[in-house]
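Participant: Here's a structure for you.
We did not get these values from a lab; they are worked out from the coordinates using the rules stated. This is a predicted model, so every value here is computed, not measured. Don't worry about glycine lacking a Cβ; one is built from the backbone with ideal geometry, like all the others, and counts go over all protein chains shown.
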Amino acid sequence: DAGVTQSPTHLIKTRGQQVTLRCSPKSGHDTVSWYQQALGQGPQFIFQYYEEEERQRGNFPDRFSGHQFPNYSSELNVNALLLGDSALYLCASSLGLAITDTQYFGPGTRLTVL
Amino acid sequence: GNSVTQMEGPVTLSEEAFLTINCTYTATGYPSLFWYVQYPGEGLQLLLKATKADDKGSNKGFEATYRKETTSFHLEKGSVQVSDSAVYFCALSGGQTGANNLFFGTGTRLTVIP
């Protein structure tokens, strides 16, 4: 049973560039959420996708956008990168939207913006 | 809004010592509560959860009880091992948003020495 997978593992970009991160949910899961984890901090919720639509969004600017595909995989896009976007980006999947559902996390993508 | 306040770290304990990591939350309604653990070099893993008041979550010798009267979900373990060294995150979902995205505390780093 494959868990949540993310690619790439590491990424280095320069300010102003754009980046796309990818996530495949755990087998059987249909909901994908993205989180940003700055060094030494807890993860912060970016947004959540279900049925190919953005369902919830955290306090992140429009430079952060996403997409969910029919196979439930998802992409996170960040435009006009800032130094402060350097962080570990985590993808989590769950089955449905119930608050009792457990979210399973991938290993993350480490983004460094120079 | 929803928030989680977690005991400041780092915490250093000797093997077989008793562990308590405090967690309190702010949320309306009936959130679900979680403890996640992040071992060195690994992704976030669910440690335990509780979905209603007075529920006790337990796993791998760790326990936490959902106390609505004190809005707390403290993590405890009777005898820690070196292998428990990790960062522990308290989190909630639901509350006023009714959504299952997670709000995390800042994390508590635990180091267990032989």
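Table: residues versus (1) hydroxyl-bearing (Ser, Thr, Tyr); (2) in contact with a Leu (Cβ under 6 Å, 6 or more places away or on another chain).
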site: B:Glu8; (1), (2): no, no
site: B:Tyr25; (1), (2): yes, yes
site: B:Ser32; (1), (2): yes, no
site: B:Asp55; (1), (2): no, no
site: B:Gly95; (1), (2): no, no
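Participant: B:Lys52: without any contact (Cβ under 8 Å) to a residue 12 or more places away in the chain and within 22 Å of B:Gly94 (Cα to Cα), yes or no? Before the answer, list the steps.
Facilitator: Details: without any contact (Cβ under 8 Å) to a residue 12 or more places away in the chain: no; within 22 Å of B:Gly94 (Cα to Cα): yes.
So B:Lys52 does not fit the description; no.
Participant: Scanning the stretch B:102-114 for residues that are outside any loop (DSSP other than H, G, I, E, B) and either among the small types (Gly, Ala, Ser) or away from every other protein chain (no Cβ under 11 Å) (or both), which turns out farthest from B:Thr24 (Cα to Cα)? So that I can check it myself, show each step before the final result.
Facilitator: Going residue by residue through the stretch B:102-114, those that are outside any loop (DSSP other than H, G, I, E, B) are B:103-104, B:108-113.
Checking the rest, the ones that are also either among the small types (Gly, Ala, Ser) or away from every other protein chain (no Cβ under 11 Å) (or both) come to B:110-113.
Numbers: B:Leu110: 18, B:Thr111: 22, B:Val112: 24, B:Ile113: 27 Å.
If we take residues in the stretch B:102-114 being outside any loop (DSSP other than H, G, I, E, B) and either among the small types (Gly, Ala, Ser) or away from every other protein chain (no Cβ under 11 Å) (or both), then B:Ile113 is farthest from B:Thr24 (Cα to Cα).
Participant: Being away from chain B (no Cβ under 12 Å), crowded, with 16+ Cβ neighbours inside 10 Å and part of a strand (DSSP E or B) is the filter here; which residues of the stretch A:24-64 pass it?
Facilitator: If the condition is that a residue be away from chain B (no Cβ under 12 Å), crowded, with 16+ Cβ neighbours inside 10 Å and part of a strand (DSSP E or B), then A:Ser24, A:Phe64 are the ones that fit.
Participant: Step by step: first the residues of the stretch B:88-99, then only those that are over 10 Å from the mean Cα position of the chain (by Cα) and touching a residue at least 12 places away in the same chain (Cβ under 8 Å), then the one that is farthest from the other protein chains (Cβ to nearest Cβ). Which residue is that?
Facilitator: The qualifying residue farthest from the other protein chains (Cβ to nearest Cβ) is B:Gln96.
Participant: Of everything in the stretch A:86-108 that's within 18 Å of A:Val19 (Cβ to Cβ), more than 11 Å from every other protein chain (Cβ to nearest Cβ) and surrounded by 20 or more Cβ atoms within 10 Å (Cβ to Cβ), which residue is farthest from the chain's Cα centre (by Cα)?
Facilitator: We begin by selecting, within the stretch A:86-108, every residue within 18 Å of A:Val19 (Cβ to Cβ); these are A:86-91, A:106-108.
Keeping just the survivors that are more than 11 Å from every other protein chain (Cβ to nearest Cβ) gives A:86-87, A:89.
Now drop any that are not surrounded by 20 or more Cβ atoms within 10 Å (Cβ to Cβ), which leaves A:87, A:89.
Working: A:Ala87: 11, A:Tyr89: 6 Å.
Filtering first and then ranking leaves A:Ala87.
Participant: Tally the residues that are surrounded by 15 or more Cβ atoms within 10 Å (Cβ to Cβ) and either touching a residue at least 60 places away in the same chain (Cβ under 8 Å) or within 16 Å of A:Gly106 (Cα to Cα) (or both), restricting the search to the stretch B:55-80.
Facilitator: Summing the residues that are surrounded by 15 or more Cβ atoms within 10 Å (Cβ to Cβ) and either touching a residue at least 60 places away in the same chain (Cβ under 8 Å) or within 16 Å of A:Gly106 (Cα to Cα) (or both) in the stretch B:55-80 gives 1.
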